[in-house]
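All remarks here apply to the structure that follows.
The values are calculated or read from the model by the stated rules, or taken from the named source; none is laboratory data. Just so it is clear, the structure is predicted and the values come from calculations on it, not from any experiment. Cβ coordinates were reconstructed from backbone atoms using ideal geometry, including for glycine residues, and neighbour counts include every protein chain displayed. The accessibility values were calculated without ligands, DNA or RNA, using every heavy atom of the protein model including side chains. Shrake-Rupley method; radii C 1.70, N 1.55, O 1.52, S 1.80 Å.
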Amino acid sequence: MGFFSRLFTPRADGKAVEDDWTSLPDSNASELVVMGEEAAKLLAEIDIDAAIASHERWLPWLEQVLQGARDERLRPEVIQDDGCSELGQWLQGDGRIALGHFPAFDMMARRHRHFHQQAADLVRHAEAGDMALAQQALKGCQHASKQVVLLLKELKRGLGR
C-alpha cells in the first residue's frame, strides 16, 4: 500500500481540503493509481524524474546562500512564487485538473508552496545578516523538499512507472 493510500481518501464531494496538512484521516484510504490513457497523458505532461531532480537542485543553491554566495537569480520575490518553477506551473495547471480531487495532491501543492516561502525567507534573512533565522528556514526547506520528493515518487509509482 502506497504513501497516498495510507494517508488519504479521494474527495468525492469536491470540497477543498483544510489547510492543516498535519492532520490525517482516521480511515484507510484507497490508493492513488491512475491507469491507461490517463496515466500516459499525465506522464506526457510532466517528467517526474526531471521534476524531482530540478527540485533537489534548490538545496545546494540555498546552502551556498548561507555561506555568503549571492546570486541575482535567487531573489526572494521571485523564489516566493511557487509558480516560477516547472513543477509549480504543473501543480497549478494540468496536474490540478487531473489529480486535484485527491487530498494528497493538495498536500503536495501546499508543501511545494511552503518550500518556496521558506526559501524566500532564507534569502531575506541571509541578506539581513540573521543567520540563525536563515538556518532555521533552511531546515524548513529541507523538510518540505523531502515531502515534495516523496509525494512525487509516490505519484510516479501510482502511475505505474
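Listed values, structure above:
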read-out: Unmet requirement for Trp61, which otherwise passes all of (1) open to solvent by 60 Å² or more (accessible area, probe 1.4 Å); (2) modelled with pLDDT of 75 or more; (3) touching a helix residue (DSSP H, G or I) at 6+ places or on another chain (Cβ under 8 Å); value: (3)
read-out: Long-range neighbours under 6 Å by Cβ, at least six apart or interchain, first residue of a type in the set (A, V, I, L, M) within the stretch 125-147, second exposed (fewer than 14 other Cβ atoms within 10 Å of the Cβ); value: none
read-out: Subset of the stretch 74-98 that is of a type in the set (Gly, Ala, Ser) and not in a helix (DSSP H, G or I) - its residue that is surrounded by the fewest Cβ atoms within 10 Å (Cβ to Cβ); value: Gly93
read-out: Yes/no for Ser54 being hydroxyl-bearing (Ser, Thr, Tyr) and either surrounded by 14 or more Cβ atoms within 10 Å (Cβ to Cβ) or not in a helix (DSSP H, G or I) (or both); value: no
read-out: Which numbered condition Val17 fails, given (1) outside any helix (DSSP H, G or I); (2) at pLDDT below 50; (3) surrounded by fewer than 15 Cβ atoms within 10 Å (Cβ to Cβ); value: (3)
